[in-house]
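Working notes, beginning with the structure itself.
The values are calculated or read from the model by the stated rules, or taken from the named source; none is laboratory data. Model, not experiment: these values are computed from the prediction. Here the Cβ positions follow ideal geometry from the backbone for every residue, glycine too, while neighbour counts run over all protein chains shown. Surface areas here come from the heavy atoms of the whole protein model, side chains and all, with no ligands, DNA or RNA. Shrake-Rupley method; radii C 1.70, N 1.55, O 1.52, S 1.80 Å.
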Amino acid sequence: MPSPSLLSGAVDVLTAFDADHTEWRLSDLSRHLDVPTSTLHEQLLALCETGLLLRVGRGRYRLGWRLLKLSSALYGSLPWYAPAHAAMERVARGTHRLAFLCVLDGEDRVLCIARSVQGRDGPPVAGELDYQLPAHATASGKLLLAYAGRPLPRPAVTFTPGTVTDAGTWDVQAREIRAQGYAVTADEWATGTASLAVPLRGADGGVLAALGVSVPTPRLRERHSLLRALHGAADDLNWTLGWRPPRATHG
């Protein structure tokens, strides 16, 4: 059985690949991960043998086809993912904003599992390519933490003067999020970026994911129309998934 250190190294290698880094050279990846080239070369060869990586040239690597099988198995185990993805696409088309789906992984790790830029207007916003998001500085993260009853993550990194790092302030915000049924941030992760998120629920009422949009901060003046789009899509999906709320929580 592989040792924890070997498994950790393999995870670090695989997660180095993203939309901005679909291919890595051995030397560049060694510098990025701060791992000796000899050690990294062994890890890359092992991952190639499993099919998780593919060698495409001298010292160049890409993700392997086997990951598609794993991805298909993962999404197949989540019957709510396909309709949630469709709901996200409708929000993106209807609002012309960056829409996203996020989940809480573990106690305080927030992962963006899908995003859509269909018809998006305006300048770029923070987080367009990020997979892991700061839980305490994004609307999706705050919403998921609040509904899970989680405390403020420690350490709570300060990204901007607006980032919430005080536990007492977070407790107040968490209660407000649960009461109003949505979360909002403005200039908390990056100056100039704001976000809104609402919960997607399963048949038992448990929160499965956050559905949200990211916008340039001045566009928060459109908050009411954005929330109507988000709540409308979420309510339709929640009904499809079998959740029957005891009473309306928003207008």
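Quick notes on this structure:
- Within region 32-42, the set of residues being touching a strand residue (DSSP E or B) at 6+ places or on another chain (Cβ under 9 Å) and either open to solvent by less than 80 Å² (accessible area, probe 1.4 Å) or without any contact (Cβ under 8 Å) to a residue 12 or more places away in the chain (or both) is empty.
- The residues on offer are 213, 157, and the sole one that is closer than 18 Å to residue 111 by Cα and in contact with a strand residue (DSSP E or B) (Cβ under 7 Å, 6 or more places away or on another chain) is 213.
- For region 123-137, the criterion of being within 20 Å of residue 84 (Cα to Cα), of a type in the set (Val, Ile, Thr), under 18 Å from the mean Cα position of the chain (by Cα) and open to solvent by 10 Å² or more (accessible area, probe 1.4 Å) is met by none of the residues.
- Residue 105 meets each of the listed conditions (1) exposed (fewer than 14 other Cβ atoms within 10 Å of the Cβ); (2) touching a residue at least 60 places away in the same chain (Cβ under 8 Å); (3) within 18 Å of the chain's Cα centre (by Cα) apart from (2).
- The criterion of being hydrophobic (A, V, I, L, M, F, W, C) and in contact with a Gly (Cβ under 8 Å, 6 or more places away or on another chain) does not hold for residue 200.
- Region 50-68 residues that are open to solvent by 100 Å² or more (accessible area, probe 1.4 Å), paired with ones that are at pLDDT 90 or above and among the small types (Gly, Ala, Ser) (beta carbon under 9 Å, 6 or more apart): 65/51; 66/51
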